[in-house]
Amino acid sequence: MAERRNFEVIIIGGGIAGASLAYFLAVRGVTDTLLLERETQHGYHATGRSAATLVEWDSIATVQRLKRLGGDFLKNPPPGFAENPLVDHSQVMLLFRDGNLGDFGKSVEGLRRDGVEFHELSGAESVARISALTPGDSARSILLTSDGRIDVHELLSSYLRGARSAGVEIRTGAQARQLIVERGRCSGVATATERLHAAWVVDAAGAWAGEIAQLAQAAPIRLEPRRRSIVIFDPPSDLDVRGWPFTISEADQIYFGPESGGLMLSPMDQVPMAPCDAVPDDETIAAAMERLRVLAPRLVPRALKRRWAGLRTFSPDSIPIVGEDPRVRGFFWLAGQAGFGIESSGALGQIAADLIARGATRMFDATILSPARFGA
Ligand SMILES: Cc1cc2nc3c(=O)[nH]c(=O)nc-3n(C[C@H](O)[C@H](O)[C@H](O)COP(=O)(O)OP(=O)(O)OC[C@H]3O[C@@H](n4cnc5c(N)ncnc54)[C@H](O)[C@@H]3O)c2cc1C
């Protein structure tokens, strides 16, 4: 049977952004959708390389609200959505010490405002949770008591399963090479072999979203992919790290937490680069180990077990871009999810689906996310 060429919506990108949108569109009755993923598997890029953590705190208030809304979805998904829990509630500890102590009060205020569950901890109470820490006498922490690690595989496959069972067509190994734009309207995409038509073309291409927008001659919004790395190593044999909260120290520019019996750590690097299959860099990792030597000297490993890197993609104001392009009708942005695209997918996917299916959303002030905020 010949493959279909006309759809209501074509989504470019089968990471968490594209998959969540396909699912939430289907929930709203829009099932005439095609999801195109260039790789042979979903989640090969940023989505499959994340730290997989729900942290309902952020220094940008809008981002914190998106994480909070996304967290609600992860903690209370609709019945039948997933086969396993999406968050493990293993907790997240935000450490404040010399360098960022001044941010503690503002963070507490913001978490209260958004109704995030947390406890304040003294330095001694922080060390009681993570015995290897040497945070200094004045240190304090915020423990996010209902946050923790996300089962990203389960989340991504649940979005895809839900979309597929509602009739959404999902193609892998299918790259959008050109966008069809006529008289200021985007009406489809061209792959290597065919032209596909739709009323809406959605740019959910992660690090490549800027390139796709250029192909559509959309508003020239600068998206910046930045590399972030993660390493996995064993803790000292006499330390049981399994019950530790995931710990973030902005002052030391590292985060770490338990991962399959070992520890994962990120140097919190953010090196701008062109979209690519990102790989970690030795010097960045070595420098992070020197910072770990100050914060938790016992944890510095002799060897690493695994390492990887991925790209987090930022808009000019670090707030995601969701909405129809101000220049090219029918071209819809779902991009710039930076370092929180997994945890916020339950919010951003719904906001985008509302805007496409209904032209408006009650979930969020869509003007804050609109590409029009950067001008046409
Ligand atoms: C190291 C690291 C740690 C992170 N930690 C967290 C975390 O703890 N919590 C959190 O919520 N987020 C985290 N993030 C951020 C999160 O991973 C991203 O925000 C999210 O995955 C972005 O999803 P996406 O679908 O937009 O991008 P991607 O997952 O990159 O998906 C985009 C897809 O588009 C496809 N594509 C591109 N061009 C085309 C084309 N022309 N045609 C067809 N397909 C195309 C790509 O192949 C890709 O699969 C982290 C990221 C990194 C790198």
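The values are calculated or read from the model by the stated rules, or taken from the named source; none is laboratory data. Keep in mind that this is a model prediction, so the values were computed, not measured. Cβ placement follows ideal geometry from the backbone for every residue including glycine, while neighbour counts extend to all protein chains displayed.
One line per residue, one yes/no per condition, for (1) of a type in the set (Asp, Glu); (2) more than 18 Å from PHE256 (Cα to Cα); (3) assigned to a strand (DSSP E or B):
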site	(1), (2), (3)
VAL108	no, yes, no
ARG112	no, yes, no
GLU120	yes, yes, yes
SER126	no, no, no
LEU143	no, no, yes
HIS153	no, yes, no
SER158	no, yes, no
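Take SER59 and decide whether it is within 16 Å of the ligand (Cβ to nearest atom), at pLDDT 95 or above and under 13 Å from the mean Cα position of the chain (by Cα). Outline the logic, then answer.
Working: within 16 Å of the ligand (Cβ to nearest atom): yes; at pLDDT 95 or above: yes; under 13 Å from the mean Cα position of the chain (by Cα): no.
Criteria not met by SER59.
Which residues, counting only those in the range 253-287, are touching a Leu at 6+ places or on another chain (Cβ under 8 Å), buried (at least 19 other Cβ atoms within 10 Å of the Cβ), closer than 25 Å to GLU224 by Cβ and touching a residue at least 40 places away in the same chain (Cβ under 8 Å)?
Selection gives ILE254, TYR255, ALA278, ILE285.
Report, by residue number, each residue of the range 62-92 that is among the charged types (D, E, K, R) and more than 10 Å from the ligand (Cβ to nearest atom).
Listed by number, the residues that qualify are ARG65, ARG68, ASP72, LYS75, GLU83, ASP88.
Looking at ILE221, ILE180, ILE150, ILE130 in this structure, which one is β-branched (Val, Ile, Thr), at pLDDT 95 or above and under 19 Å from the mean Cα position of the chain (by Cα)?
Going through ILE221, ILE180, ILE150, ILE130 in turn, just one is β-branched (Val, Ile, Thr), at pLDDT 95 or above and under 19 Å from the mean Cα position of the chain (by Cα): ILE150.
Residue-wise test of (1) surrounded by fewer than 21 Cβ atoms within 10 Å (Cβ to Cβ); (2) acidic (Asp, Glu); (3) not assigned by TED's automatic domain parsing to the domain that holds ASP240.
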position: GLU117; (1), (2), (3): yes, yes, no
position: GLU120; (1), (2), (3): yes, yes, no
position: GLU125; (1), (2), (3): yes, yes, no
position: ALA128; (1), (2), (3): yes, no, no
position: THR134; (1), (2), (3): yes, no, no
position: ASP137; (1), (2), (3): yes, yes, no
position: LEU156; (1), (2), (3): no, no, yes
position: GLU169; (1), (2), (3): yes, yes, yes
position: THR172; (1), (2), (3): yes, no, yes
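Scan the range 47-69 for residues that are of a type in the set (Gly, Ala, Ser) and either surrounded by fewer than 23 Cβ atoms within 10 Å (Cβ to Cβ) or within 11 Å of PHE340 (Cβ to Cβ) (or both) and jot them down. I'd like the intermediate steps shown before the answer.
Restricting attention to the range 47-69, the residues satisfying the condition of being of a type in the set (Gly, Ala, Ser) are 48, 50-52, 59, 61.
Within the range 47-69, GLY48, SER50, ALA51, SER59, ALA61 qualify.
Could you run through the range 1-12 and say how many residues are part of a strand (DSSP E or B) and away from the ligand (no atom under 15 Å from the Cβ)?
The number of residues fulfilling the criteria is 2.
For SER90, are the conditions met, namely being under 30 Å from ARG5 (Cα atoms) and polar (S, T, N, Q)?
no
Per-residue answers, yes or no, for (1) more than 6 Å from the ligand (Cβ to nearest atom); (2) closer than 28 Å to PRO280 by Cα; (3) in a loop (DSSP other than H, G, I, E, B):
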site	(1), (2), (3)
GLY14	no, yes, yes
GLY18	no, yes, no
ALA26	yes, no, no
ARG38	no, yes, yes
HIS42	yes, yes, yes
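Could we say that SER318 is over 30 Å from SER237 (Cα atoms) and among the hydroxyl-bearing types (Ser, Thr, Tyr) here?
When the stated conditions are applied, SER318 passes them.
With (1) within 10 Å of the ligand (Cβ to nearest atom); (2) closer than 25 Å to THR172 by Cα as the list, and ASP269 as the residue in question, which single condition is left unmet?
(2)
From the list ALA338, ALA360, ALA353, exactly one residue is outside the structural domain of PHE233 (by TED's automatic domain parsing), modelled with pLDDT of 95 or more and in a helix (DSSP H, G or I). Which is it?
ALA353
Just to be sure, is GLY99 part of a loop (DSSP other than H, G, I, E, B), buried (at least 18 other Cβ atoms within 10 Å of the Cβ), at positive phi and touching a residue at least 24 places away in the same chain (Cβ under 8 Å)?
no
Which one is nearest to the ligand (Cβ to nearest atom) among residues in the range 220-240 that are touching a residue at least 24 places away in the same chain (Cβ under 8 Å) and over 23 Å from SER318 (Cβ atoms)?
Per the criteria, the residue is VAL231.
Please find, among ARG298, ARG327, ARG312, the residue that is among the basic types (Lys, Arg), buried (at least 16 other Cβ atoms within 10 Å of the Cβ) and either modelled with pLDDT under 95 or not in a loop (DSSP other than H, G, I, E, B) (or both). Spell out how you get there, then give the answer.
On the way: ARG298 fails: buried (at least 16 other Cβ atoms within 10 Å of the Cβ); ARG327 fails: either modelled with pLDDT under 95 or not in a loop (DSSP other than H, G, I, E, B) (or both).
Residue meeting the stated conditions: ARG312.
Might you let me know whether the range 102-110 holds any residue that is under 15 Å from the mean Cα position of the chain (by Cα) and more than 20 Å from PRO135 (Cβ to Cβ)?
Looking for residues that are under 15 Å from the mean Cα position of the chain (by Cα) and more than 20 Å from PRO135 (Cβ to Cβ), one finds none in the range 102-110, hence no.
Considering only the range 224-273, state which residues are aromatic (Phe, Trp, Tyr) and closer than 17 Å to SER50 by Cβ.
Those that are aromatic (Phe, Trp, Tyr) and closer than 17 Å to SER50 by Cβ: PHE246, TYR255, PHE256.
Filter the range 178-229 down to the residues that are surrounded by fewer than 15 Cβ atoms within 10 Å (Cβ to Cβ) and assigned to a loop (DSSP other than H, G, I, E, B) and list them by number.
ARG183, GLY184, ALA192, THR193, GLU194, PRO220, ARG222, listed by residue number.
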